[in-house]
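All of the numbers you see were taken from the coordinates with simple rules; none came from a lab. Just so you know, these numbers come straight off a predicted model, no measurement behind them. Here the Cβ is made from the backbone with ideal geometry for all residues, glycine too, and neighbour counts use every protein chain on show.
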Amino acid sequence: MTHSIRPIEDSLAGIEAAENRGLNATISFDRDIVNRQAEEIASRTSPTPLNGLAVGIKDNICTLEYSTTCASRILEAYQSPFEATAVTRLRAAGGIVACKTNLDEFGMGSSTEHSAFGRVRHPLDADRVPGGSSGGSAALVAAGAVDAALGSETGGSVRQPAAFCGVVGIKPSYGRVSRHGLVAFGSSLDQIGVFGVNVAVAASVLESISGRDEYDSTSAELEPLQAPLDRQDLAGLVIGLPSEFFPEDLDPAIAAACRRTISALENAGATTRTVSLPHTDLAGPCYYVIAPAEASANLARYDGVRYGLRVPAPDLNALYRATRGEGFGAEVRRRIIVGTYVLSAGYYDAYYTKAQQVRARIARDFATVFASGVDLLFTPTTPMTAFKAGEHLQDPVAMYRTDVFVCSANLAGIPALSMPIGRSDGLPIGGQLLAPAFEERLMLDAAHVLEDHIESEEETR
Ligand code: GLN
């Protein structure tokens, strides 16, 4: 699918307008860097699928064009000597690295308030958060500055901000996109994801970055994704509705938007069926053991010697303490402490081993449902719409609970997509489709058909 050309000047002006409005969605942006790439693409003799599409890149994905800070003081001026495979492929397909976008430090957070460069504002209401951790990418797409952006997912960091901002967000299957050049957070969960103004744009970017990469041994031995979006309806598809994602106390506006979406799925020809994923309530606790455990190991490399910040100190241990104490923000320090604790000799079995056992059950729940004749699942993406800045900052567990519907897909390694399905008091509501591992094509087809059937602008209450 070829993307329609939007003049690069339009995106340049859009990014500047977003920054002038104070969204704080970008960390690095330079007109000359963008124009140089646009000229190079214009000079190519054969057409490219992305055709000069300007793409915002989350600042935990390595690029040669700009620094890669992870929104952390510890990598404040870090210039990567190599670029992520996804970025190389994006550029080969005619995509332009437009800017680097703001995030929760190292991807840890759900509101993009935990950034060393300040919080990102929601494009529709500056007092609210855009979600996180890929909040800068989501806000830029929602503000109309760029049509697509890359984000990353460890536990919902593309889908949750996509839902809050009213754009499309895709988390691919684990292994679909190379992690080479994505700064590691939780290596068994991490995956680069895509934001788009609509399903077609997001799908074409995902096609361009997917595929086996010899630099990432966990990338799947598969050809790059092809998603021509050629389905006209959903006839013959069975869509499961997991009851655990529709609790009785679900926000009434979100429940109403889901009911309308379920009708739209049925009107498009799908059959819907209530199913059960019995370990869903354990996904959050399980994720918040495994992700910090892996983070504590991955972030050990920021020692003041090899990368970025070095705070001078009289001896090596003091250097570690000073650099890591000053370089990491509070949430990152909290994750490292939790992760170190659950991996420590006395607690490993009680927390880490237990969490791995729960993770296997969560994956099995999905496998069982998909083996029972269900093609896709539909759920709300989040239990709430965009919340106020500061609302959950003093209560980390309340912040973690905003991810209850998204992190199980990461634990199971399956693809999932969030798309706008309505509004509540003017704020976007997201709906989520989930598919068996490597069934992105079916998921994208269904989302594309559904997009046509939804009157997403309708006020829900
Ligand atoms: N909000 C989750 C966390 O804080 C997810 C982060 C992510 O997906 N990068 O860990």
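With a Förster radius of 41 Å, plug the Cβ-Cβ distance of Leu222 and Asp452 into 1/(1 + (r/R0)^6) and report the FRET value to the nearest 0.05. Let's see the in-between values first.
On the way: r = 29 Å, r/R0 = 0.70.
Given R0 = 41 Å and the Cβ-Cβ separation, E is 0.90.
Once R0 is set to 35 Å, what does the formula 1/(1 + (r/R0)^6) return for the Cβ-Cβ distance between Glu214 and Val305, expressed as a FRET efficiency to the nearest 0.05? It would help to have the intermediate numbers written out before the result.
Working: r = 29 Å, r/R0 = 0.82.
For R0 = 35 Å, the calculated efficiency reads 0.75.
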Using only DSSP helix segments of four residues or longer, with each worth -39500 (n - 2.57), what per-residue ellipticity at 222 nm results for the chain after dividing by its residue count and rounding to 500? -10500 deg cm²/dmol
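Going by the alpha-carbon gyration tensor, a ≥ b ≥ c the square roots of its eigenvalues, is the range 233-375 rounded (a/c under 1.5) or, if a/c is not under 1.5, prolate (a/b greater than b/c) versus oblate? Provide the component values of the computation, followed by the final result.
Numbers: a/c = 3.29, a/b = 2.44, b/c = 1.35.
Judged from the Cα gyration tensor, the range 233-375 comes out prolate (a/c at least 1.5, a/b above b/c).
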Pair Asn317, Thr340: separation of 7 Å Cα→Cβ label points (nm): 1.2
Against the 2.2 N^0.38 Å scaling, with N counting residues, where does the chain land? I'd like the Cα-based Rg ratio to two decimal places. 0.92
Kirkwood Rh, Cα Rg: Rg to Rh for the range 151-212? 0.95
Take Ser46 and Arg361, extend 7 Å from each Cα along the Cα→Cβ direction, and tell me the distance between the two endpoints in nm. 5.2
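When a/c reaches 1.5 or more, the comparison of a/b and b/c decides; with that in mind, is the range 172-307 rounded, prolate or oblate per its Cα gyration tensor?
On the way: a/c = 2.56, a/b = 1.43, b/c = 1.79.
Taking the square roots of the gyration eigenvalues as a ≥ b ≥ c, the range 172-307 is oblate.
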Determine the distance separating the Cα centre of the range 393-436 from the Cα centre of the range 202-216; give it in Å without decimals. 23
Given a Förster distance of 35 Å, report the FRET efficiency between Leu250 and Ala92 from their Cβ-Cβ distance, rounded to the nearest 0.05. 0.20
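Which loop-located trypsin sites (Lys or Arg not before Pro) does the range 272-326 contain, where loop means any DSSP state but H, G, I, E or B and the Cβ has at most 13 other Cβ atoms within 10 Å?
On the way: sites: Arg273, Arg301, Arg306, Arg310, Arg321, Arg324; in loops: Arg306, Arg310.
Here the trypsin sites (Lys or Arg not before Pro) that fit, given the DSSP loop and packing criteria, are Arg306.
Chymotrypsin sites (Phe, Trp or Tyr not before Pro), restricted to the range 176-233: which are DSSP loop and have at most 15 other Cβ atoms within 10 Å? Walk me through the intermediate numbers first.
Values: sites: Phe185, Phe195, Tyr215; in loops: Phe185, Tyr215.
Those satisfying the criteria are Tyr215.
Where in the chain are the helices, taken as whole DSSP H runs, whose Cα atoms extend 24 angstrom or more along the long axis and whose Kyte-Doolittle mean reaches at least 1.6? Walk me through the numbers on the way to the answer.
Working: long enough: 354-371 (25 Å, -0.06).
Helix filter hits for the chain: none.
Take the alpha carbon gyration tensor of the range 342-449, find the square roots of its eigenvalues, order them as a ≥ b ≥ c, and report rounded if a/c is under 1.5; if not, report prolate when a/b exceeds b/c, else oblate. Spell out each step's value before the answer.
Working: a/c = 3.16, a/b = 1.12, b/c = 2.83.
Verdict is oblate for the range 342-449.
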Cα centroids of the range 334-389 and the range 79-98: how far apart, whole angstrom? 31
